[in-house]
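Okay, so here's the structure we're looking at.
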């Protein structure tokens, strides 16, 4: 688990890379600094949590890295979709210029069910060699016959739906990179919630590093978001600059100087 969690931290760099390519976003030095703080603290939290002996083979590493790469790409494409719709609705004079997050989430997961069930079936057959239909039957039988299962499943469904809608709202009003940076809060927060004596798993102790990581990750998110606002201001200032005049260089601003020619800042 520790090794997989370490590899999953690649989600943020992949998202940054895809947004550079497909969204043409140029990040300021403040935004990159916020990203570095969040990823560094998330990795540190995983390392401090210790290893549980999970596989760290090259094959599993490649699979995990590829999964994070494509998941990051999927969210960047979603962000592009939200932005394109806003431009389209504004151009057409629509009253509502923001794509409905609930509709997007519902359609995405509807198509996800169509694709995931057959793919998961093939993976399960290849992994265990057992009949997936029997495993599905056992699962539905447990849901129908266990006294606590329906209530637990209902709570899970409500939380899962709210979680997914929140993610789409964050992508819509923020960005895919902000979404995955916020994800990193789950590493120290999971440790904080472990202070509660839950049924079955009980309570565990939280180290000083996990408390520190939570504080630093929160600071990193605030720094990154503040950098978002500053970058948007710079982009608006550049739009008001006349043709042929020198514009502000946004990439790693203010590290590489303040102004560049208009043709290079496009």
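The values are calculated or read from the model by the stated rules, or taken from the named source; none is laboratory data. The structure presented is a predicted model; accordingly, all values stated were derived computationally and were not measured. A quick note on method: Cβ atoms are made from the backbone with ideal geometry, for glycine too, and the neighbour counts reach across all protein chains shown.
For the reader, a short list of remarks on this structure follows.
- Evaluation of residue 94 against the conditions (1) outside any helix (DSSP H, G or I); (2) closer than 17 Å to residue 74 by Cα shows that the sole unmet condition is (2).
- Per the conditions (1) part of a helix (DSSP H, G or I); (2) more than 19 Å from the chain's Cα centre (by Cα); (3) surrounded by 12 or more Cβ atoms within 10 Å (Cβ to Cβ), the sole criterion not satisfied by residue 106 is (2).
- From 109, 141, residue being touching a residue at least 12 places away in the same chain (Cβ under 8 Å) and over 30 Å from residue 37 (Cβ atoms): 109
- Within the range 116-136, not a single residue is within 23 Å of the chain's Cα centre (by Cα), modelled with pLDDT of 85 or more, within 28 Å of residue 172 (Cα to Cα) and in a helix (DSSP H, G or I).
- Residues of the range 194-211 satisfying the condition of being within 27 Å of residue 176 (Cα to Cα) and touching a residue at least 60 places away in the same chain (Cβ under 8 Å): 210
- Scoring residue 174 on the criteria (1) at pLDDT 90 or above; (2) under 27 Å from residue 231 (Cβ atoms); (3) within 19 Å of the chain's Cα centre (by Cα) leaves a single failure, condition (1).
- Here 81, 41, 69, 60 are screened, and the one residue that is in a helix (DSSP H, G or I) and at pLDDT below 75 is 60.
- Listing of helices (runs of 4 or more DSSP H) fully contained in the range 178-266 that carry 2 or more residues being at pLDDT below 85, touching a strand residue (DSSP E or B) at 6+ places or on another chain (Cβ under 8 Å) and over 24 Å from residue 47 (Cα atoms): 208-240, 262-265
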